[in-house]
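Everything below concerns the one structure shown next.
The values are calculated or read from the model by the stated rules, or taken from the named source; none is laboratory data. Everything quoted here is computed from the prediction, not taken from an experiment. Neighbour counts run over all protein chains shown; Cβ positions are idealised from the backbone, glycine included.
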Amino acid sequence: MSELQVGETVTAIYKTGKYIGEITEVRPQHYLVRVLGVLKHPMQGDLHHPKDTDVGIFHERKALSFREQANVPKQMAKPYGEDIPDYLDSLSDAVEKLRNELKDDPSPWAVQSLKNIESLEKDYFK
């Protein structure tokens, strides 16, 4: 696979979120990607114990901010050829999609995740 270049628009998976962004730097193992949109909101809780609430801290995981840069492993970036959505619209869509995935799940993890999302929305959409 040929290497992507600075200026290319990509989808990038960072931790448990998926973003649309622009490559701003090519590094040996990573691309530095500037976030332009959100495709999938990060999962809530402890990344090392997914879907478990019996952990020391149940983390509230925010989506990366508009124009925030992230070091994305090269294998987690793919070319993106569609229109780039408005950041806040894409964030709202990603939050709504996550909420819909969680709302019918009665597990303690889903219940706590929904509480986190409500809290995050107050911060995101002031």
| Looking at Ala94, is it modelled with pLDDT of 95 or more, touching a strand residue (DSSP E or B) at 6+ places or on another chain (Cβ under 7 Å) and assigned to a loop (DSSP other than H, G, I, E, B)? | no
| field | Criterion: polar (S, T, N, Q), out of contact with any Leu (no Cβ under 6 Å at 6 or more places or on another chain) and closer than 13 Å to Thr11 by Cβ - qualifying residue of Ser65, Ser107, Ser119, Ser90 | value | Ser90
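If I ask for residues that are assigned to a helix (DSSP H, G or I) and within 11 Å of Ile20 (Cα to Cα), which ones from segment 78-90 would you list? Give the steps one after another, and end with the answer.
Quick first cut of segment 78-90, residues assigned to a helix (DSSP H, G or I) only: 87-90.
Result: Tyr87, Ser90.
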| message | Quick check on my filter: what residues within segment 42-68 are of a type outside the set (Phe, Trp, Tyr), more than 14 Å from Gly17 (Cβ to Cβ) and either within 14 Å of the chain's Cα centre (by Cα) or surrounded by 17 or more Cβ atoms within 10 Å (Cβ to Cβ) (or both)? | response | Asp46, Arg67
| Top-ranked residue of segment 6-41 - restricted to ones that are without any contact (Cβ under 8 Å) to a residue 60 or more places away in the chain and of a type in the set (Phe, Trp, Tyr), ranked as surrounded by the most Cβ atoms within 10 Å (Cβ to Cβ) | Tyr19
| query | What number of residues in segment 98-107 are loosely packed, with under 13 Cβ neighbours inside 10 Å, in contact (Cβ under 8 Å) with a residue 24 or more places away in the chain and in a helix (DSSP H, G or I)? | reply | 0
| Does Glu3 count as touching a residue at least 60 places away in the same chain (Cβ under 8 Å), in a loop (DSSP other than H, G, I, E, B) and over 30 Å from Val111 (Cβ atoms)? | yes
